[in-house]
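Just so you know, all these numbers are worked out from the coordinates, no wet-lab data involved. These numbers were taken from a predicted model, which means no experiment stands behind them. Cβ atoms come from the backbone with ideal geometry, glycine included; neighbour counts cover every protein chain shown.
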Amino acid sequence: MAITLSIARDFSETPGPRSRNEGKFSGDQFREEHLEPAFLEARASRQALEVDLDGTVGYATSFLEAAFGGLARDYEPGEVLETIKLKCEDEPSLIEEVRQYIRDANKSPRKNR
Amino acid sequence: VIRYDVDMKRLITLRRWKMHLKRRQEDELSRGSRHKARYQPAKRVRKTVHLEVPTTFSMTHNPEETLWFLQVLKVQGKEYNVSLDLTDVTLITADAIAVLTAFLSATWINTVQGNLPNDPVARQVLLQSGFFEHVKSETAIPPGQLGKIKERQSKIVQPTTAWNLIECGTAQAFGATKRSLSTRAAYTTLIELMNNTHNHAAGDDLESQTWWATSYGDPEKKRVCYTFVDMGVGIFRSVKMHPIQRTFRKLGFGGNAQLLREILLGLVESSTGLPYRGKGLPAIFRKSQAGNLKSLFIVANDVFANVSTGDYLTLKNKFRGTLLYWECEE
C-alpha cells in the first residue's frame, strides 16, 4: 500500500513558480500544503508516497526544485528518495530530473571560478 | 456675563451665517476660475515627425536595423508626436510587434500613429496582429481584423495566463487546443522567463519589471510562434561573476556572446549564489536541443543568438532588455 498524491488533481494543473511571492501555485506552496504532510504521513506509517506528475500542462524547473529539493533540504535527501516514488508518463525525463534535485539539495554553494 | 460658547453656537447655526459662508465660497471659486482663464498659457502644438520603419521589421531577421529604429523612436518620441511610415515594409514578424508593444508601454513616448504597408502580406500580418491597438491608424481598419496575436503582460508569474497563451496559439494553428511535449516545453519556458523577469530584470531597483508575452498560431505553417519580452537590465547583469572574470571581459576577452553560451550550458552561477538556483535558461536550452522548441532566438543587451543554429553574434545597437522568440510545431 502506498499513499498517493497527484499534483494535477490535488494541487493545480498549472504549477507555477518557486516561491509564493512570485505568483500562484508555487513550489513552496505545494511543498508546505501537500507534499510535506503526505511525506510525514508516509514516513510515520512506513509506507511509500507515490507522487503523480501527470496531468499538468508542464513544469518550471524552479517549481520542481522548490517542492522536492526544498523537502530534501528540510529532511534527509536519502530518506526523501527512499520514501517518494515518482510517476510521470507525460514527460518521463522529469523523474530523473526531480531525483537529481533531491540529491543536489544540500550541495554547498559553488566557489567562484 | 457673556457666555461665548452658547452665543457662538447660536451664531453658526443661524441661516444668515450659513448663507454668508456659501456666498463667500462661491465668490472665491469664481475668482479662481476667472484668474485661470486670464492667465492660461497658449496650448503648445507638438510637432509630428515621420519615421521610416525598416523594410524587414523583425528582431529575429533584421536585429540591427530594428534596434536602431527603436532607438530613434525613443529619442524622437520623447519630444514629438511620431508618424510611422510603414509603406515599404515587406516583412513584419510577431517578435517585432511584441517588442514594439513593450517598448511603447515601457517608454514615455508621445502619440504614435502609422499607415499600412503596400505589400499585401505584410499589410495582412499587421492588420491581424493587433498592432493598431497600440499605434493609431492613419486609415480606417476593416472590422474584425484585430487581435490575432494574443498578448499578455504582468509583473509576476502567471501560470494560467501562460497556459491561456498556449491554448490560444494551438487553437489557431491546429484548429483545437492540444497538449504535447512542445506545449509542455512552451509552458516551462514561459514560466521560467516570467520568474526571471520577476526576480532579476529590475536589477538594483526594488520594483519588479513588467513582462510581455505573445502567441500567434499560424494555420498555414502549422506552428505557434511565441515571443517574450522584458525591458529590464538584461541577462548579463543578473549573473554572478568572479571579479577577475569581470575584468577579463572588460578587457575584451570573452564578450557577452560567449557568456550567453555558458549560461545556457549551465556553467555560470546564479546571482543568488545558491547552487540549486539559475536552472531556468539551461532548461530552456535543453528543450531547444531536444527539438521541442524550434527556432529559438535570444536578444539581450548586445547579443543576438540563434540558439537553434548555434550562431551567437555581438550587436552594434544594444537592446535594453531581454527578448526570446521560439516556435512550436506540435
Rounded to 0.05, the calculated FRET efficiency for the beta carbons of B:E64 and A:E96 at R₀ = 30 Å is 0.10
Local electrostatic count, A:T4, Cβ distance below 15 Å [Lys/Arg +1, Asp/Glu -1]
-3
Which one, B:V125, B:S295, B:V268, is farthest towards the positive end of the dipole of the protein assembly as shown when Lys and Arg carry +1 and Asp and Glu -1 on their Cβ?
B:V125
Quick one: Cα centre-to-centre distance for region B:167-195 and region A:38-113, in angstrom?
25 Å
What does the charge dipole of the protein assembly as shown about its Cα centre add up to, to the nearest 20 debye, if the Cβ of each Lys and Arg holds +1 and the Cβ of each Asp and Glu holds -1?
2740 debye
Derived scalar couplings ³J(HN,Hα) [region B:317-330; Karplus, 6.51 cos²θ - 1.76 cosθ + 1.60; whole Hz; x for Gly, Pro]
9, 7, 10, 7, x, 9, 10, 10, 10, 8, 10, 10, 9, 10
Charge tally in the Cβ shell below 13 Å around B:E65, where Lys, Arg are +1 and Asp, Glu are -1, B:E65 excluded
-2
Least to most buried among B:V299, A:V80, B:V45, by other C-beta atoms within 10 Å and fewest first, runs B:V45, A:V80, B:V299
Proxy exposure order for B:L29, B:L100 (fewest C-beta within 10 Å first) is B:L29, B:L100
So for the protein assembly as shown, using the alpha carbon gyration tensor with a ≥ b ≥ c as root eigenvalues (a/c under 1.5 gives rounded; past that, a/b versus b/c decides prolate or oblate), I'd call it oblate
How do B:W211, B:W17 rank when sorted from fewest to most other Cβ atoms within 10 Å of their own Cβ?
B:W17, B:W211
So for R0 = 25 Å, FRET eff. of B:V72-B:S105 from the Cβ-Cβ r, to 0.05, ends up at 0.85
Vicinal HN-Hα couplings computed from phi for region A:52-58 (Karplus, 6.51 cos²θ - 1.76 cosθ + 1.60; Hz; Gly/Pro x):
8, 8, 6, x, 8, 8, x
Once phi for every residue in region B:189-196 is put through the Karplus expression 6.51 cos²θ - 1.76 cosθ + 1.60 (θ = phi - 60°), the whole-Hz ³J(HN,Hα) values, with Gly and Pro written as x, are 4, 4, 5, 4, 5, 4, 4, 4
Between B:Q124 and B:H35, how many nm apart are label points set 7 Å from Cα along the C-beta direction?
6.3 nm
Amide H of B:G232: which non-local residues (sequence gap of 5 or more, or other chain) have their own amide H closer than 5 Å, using H built in the peptide plane?
B:T322
Sorted by chain and then number, the residues having a modelled amide H within less than 5 Å of the amide H of B:L51, at least 5 places away or on another chain, are B:S83, B:L84, B:D85
As a test of the formula, what do you get for the protein assembly as shown when each DSSP H run with n ≥ 4 contributes -39,500 (n - 2.57) and the sum is divided by the residue count, at 222 nm and rounded to the nearest 500 deg cm²/dmol?
-12000 deg cm²/dmol
Using 7 Å Cα-to-Cβ label points, what is the B:K221/B:H20 separation (nm, one decimal)?
8.1 nm
Just name one of A:S45, A:S62, A:C88: the one whose Cα is farthest towards the positive end of the charge dipole of chain A (beta-carbon charges, Lys/Arg +1, Asp/Glu -1).
A:S62
Pair B:E28, B:H50: separation of 7 Å Cα→Cβ label points (nm):
5.4 nm
Let me check I've understood the local charge: for B:R23, count other residues with C-beta under 15 angstrom from its C-beta, Lys and Arg +1, Asp and Glu -1. What total comes out?
+3
